[in-house]
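Worksheet: one structure, shown below.
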Amino acid sequence: MSLTQRIESLDRRWIFLVMLVAMSFPLIVHMKLPVRASPEARGFYENIEKLQAGDVVYLASDYDPGGKAELDPMLLAVLDRLFQKNVKIVGATLWPAGSPLLERAYKAEAPKYNKVYGVDYVHLGFKEGKENVMVQLGKSIREVFPVDYYGTPLDSLPLMHSGLNGKPIDKLNDTKLLVNISIGYPGTKEWVQQVRSRFNLPMISGCAAVSAPEYFPYVQSGQLSGLLGGLAGAAEYEEMIDRPGWGVTGMAAQSLAHVTIVLLIVLGNFVYFWNRRQGVSRP
Amino acid sequence: MLRREVPILLAMIVGWFMVGEFFFPWAEPAGTEVQQMAVIITATGVILGVANVIRINLLKVSRRERDWRYSILLLVGLGVMALLGTILPVVHAAVHGGGWKIGPFNLVGITDGTLFDRLYNRVYVPLSATMYGLLAFYIASAAFRAFRVRTMDATLLAVAAIIVMIGRVPLGEKIWDGIPLLTDWIMNVPQLAAKRAILIGAALGGIATGLKILLGIERNFLGSD
């Protein structure tokens, strides 16, 4: 058997090993690469920068542990920046396993800026109902979430009484911006379709890399004011707010992983066509 | 008759409520009521879903079907998490028995420091993230073994994929600073045009189906029975 034949019939565990080395190496040696901000990521950044101290945002954290590696860096960076700017946050999730992730992110970022639960941020928890819940939130948050994640009635939380012009916060329009971090359904697409246009609430999104191309039309149409796509988006945002975290660290690993996959595509095709040319059928 | 006509009539009425609230402000409270009903029905659907999972897996175990041992694991996991997250807090609230602890573990509730929280963070999170992470290895294997540029379409796909994959990471700019610009062009022009066409097509299909439901013509959602 020739070398090219042996390569073509390579056991896939060798490929797994190559990928493991390619992804681990940058993390072990702490390799860092400069990150270029895309126009979509810049839009995301600028919309958060426009917020003033005391403004309230609605944070829809729609992902579960499957999306943690990609979206946690994004969520943490967003929370960090919002707390730093003294923006108040009302957060919730439409994913059954999403609440503890939002809770952990709050617990990681709030103490850095001495933020107090109920005054500076609120965690409403999870509600089943997908698009119906989105529309209901546009009409009355209290109808959907009478109590928060801890079972505390919303009326007893000071933040829920500090909306625009001192009004209580009872619908999405009482907040300044909808920030959605999502990995699938229900997520960005549904928020755009059910809430963005219907309630005319500015919206930005951070999503999984695989979903980002689907949301590009919404960015171009202005329905999304900014978009972070996957770990690359997280890294771009971390660079812009000068808070390098797992996004920037992970980009080196992702860079080498992408290059490895490209090399595998090229190598796979080269040996395939070489062997066909030599008249060798696939092993 | 009741099995077909009543569901069709219900779908029509609910559909018209939803349309009505867009055009007539006086219809909004009724529309809101219907949406609240939908939230309750969806939540009830979750209970039915869980009951179905239990039924299917119990059958699998009782018949000793292939991989029945995994079904036992699933049922135990489901039972433990449901007990800790739902049943115990309700029972606890009913009897007001103070904190329920076994050693350092708080058995009641889902917040920080509870047993539910520990199982979630130390079992479910790593397992779920690992499953998602494994995709990278299978994509690499598939890229090497199956991605062949035998046709013009496949070649175009491969070239676009390679440019975008390299251009979306910082290393691309190091290789050649034109790659990110080329990536942006692919994402903002051909990709966007194709995606928009799909979105518009799907939206038109959705409108047509919606109209058929509103007029009582659409029957596919009833199933084949």
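The string of couplings for the stretch A:191-201 from the Karplus curve (6.51, -1.76, 1.60, θ = phi - 60°) is 5, 5, 5, 8, 10, 3, 7, 4, 10, 6, 9 Hz, one whole number per residue in order, with x for Gly and Pro. Extending 7 Å from Cα along the Cβ direction at A:LYS32 and again at B:ILE72 yields two label points whose distance is 5.2 nm.
Count the net charge of all other residues whose Cβ sits under 13 Å from the Cβ of B:TYR138, scoring Lys and Arg as +1 and Asp and Glu as -1. Can you show the working numbers first?
Working: positive: A:ARG12, A:ARG13, B:ARG145; negative: none.
Charge balance in the 13 Å sphere: +3.
For chain A, the longest principal axis of the C-alpha atoms and the axis of helix A:39-49 are separated by about 30°. 3J(HN,Hα) along the stretch A:250-265, derived from phi through the Karplus expression 6.51 cos²θ - 1.76 cosθ + 1.60 where θ = phi - 60°, amounts to x, 5, 5, 5, 5, 4, 5, 5, 4, 4, 4, 4, 4, 4, 5, 4 Hz, with x in place of Gly and Pro.
Distances between placed amide hydrogens fall under 5 Å for A:ARG198 paired with no residue 5 or more residues away or on another chain. Label-to-label distance for A:GLN5 and B:VAL80 is 5.1 nm, based on points extended 7 Å past Cα in the beta-carbon direction.
Take every pair of alpha-carbon atoms less than 8 Å apart whose residues are at least six positions apart; their mean separation over the length of the stretch A:152-283 yields a relative contact order of 13 percent. Computed log10 I(q)/I(0) for the stretch B:1-95 at 0.12, 0.22 Å⁻¹: -0.69, -1.06, from the Debye equation with unit scatterers placed on every C-alpha and solvent omitted.
How much length would be gained if the chain were fully extended between B:TRP16 and B:HIS92, taking 0.36 nm per residue of separation minus their Cα-Cα distance, in nm to one decimal? All intermediate terms of the calculation are to be shown ahead of the outcome.
On the way: separation 76, 0.36 × 76 = 27.36 nm, distance 4.40 nm.
That pair, B:TRP16 and B:HIS92, stretches by 23.0 nm at full extension.
Tell me what chain B gives for mean residue ellipticity at 222 nm when only DSSP H runs of n ≥ 4 count, each as -39,500 (n - 2.57), the sum divided by the residue total, rounded to 500 deg cm²/dmol. The helix-only estimate for chain B comes to -24000 deg cm²/dmol at 222 nm.
Principal-axis analysis of the Cα atoms of chain A puts helix A:99-109 at an angle of about 80° to the longest axis.
Other residues lying with their Cβ under 15 Å from the Cβ of A:VAL116 contribute a combined charge of +1, Lys and Arg counting +1, Asp and Glu -1. Working from label points 7 Å from Cα in the Cα-to-Cβ sense, the B:ARG219 to A:TYR150 distance is 5.6 nm.
Shape class of the protein assembly as shown from the alpha-carbon gyration tensor: rounded, with the ratio a/c of largest to smallest axis under 1.5. Couplings 3J(HN,Hα) for the stretch B:187-200, derived from phi with the Karplus relation 6.51 cos²θ - 1.76 cosθ + 1.60 (θ = phi - 60°), are 5, 8, 10, x, 4, 5, 4, 5, 5, 5, 4, 5, 4, 5 Hz, where x marks Gly and Pro. Amide hydrogen proximity for A:GLY125: with H placed 1.01 Å from N in the peptide plane, the residues at 5 or more positions away or on another chain lying under 5 Å are A:THR93, A:TYR149.
Each Cα pair under 8 Å and six or more residues apart adds its sequence gap; the mean of these over the residue count of chain B is a relative contact order of 19 percent.
Test of the criteria: in the stretch B:1-66, which trypsin sites (Lys or Arg not before Pro) are in a DSSP loop and have at most 13 other Cβ atoms within 10 angstrom of their Cβ? Could the numbers behind the result be given before it?
Details: sites: B:ARG3, B:ARG4, B:ARG55, B:LYS60, B:ARG63, B:ARG64, B:ARG66; in loops: B:ARG63, B:ARG64, B:ARG66.
In loop regions of the stretch B:1-66 (DSSP not H, G, I, E or B), the sparsely surrounded trypsin sites (Lys or Arg not before Pro) are B:ARG63, B:ARG64, B:ARG66.
Using Cα atoms only, what is the angle between the long axis of helix A:68-84 and the major principal axis of chain A, expressed in degrees (0 to 90) to the nearest 10? It is inclined by approximately 40 degrees. On a per residue basis, the convex hull of the C-alpha atoms belonging to the stretch A:39-243 measures out at 102 Å³. With r as the distance between the Cβ atoms of B:ARG55 and B:LEU9 and R0 = 35 Å, compute the FRET efficiency 1/(1 + (r/R0)^6) and round to 0.05. The formula returns an efficiency of 0.70 here. Distant-in-sequence amide contacts of A:ILE89, defined by a placed amide H-H separation under 5 Å and a gap of 5 or more residues or a different chain, comprise A:VAL57, A:TYR121, A:VAL122. Summing charges over all other residues whose Cβ lies under 13 Å from the Cβ of A:PRO244, with Lys and Arg as +1 and Asp and Glu as -1, gives -3.
Values quoted throughout were computed directly from the atomic coordinates according to the rules given, and no laboratory measurement underlies them. A quick note: this is a predicted structure, and the numbers were derived from the prediction, not measured. Quick reminder, even Gly has a Cβ in these numbers, built from the backbone with ideal geometry, and neighbours come from all protein chains shown.
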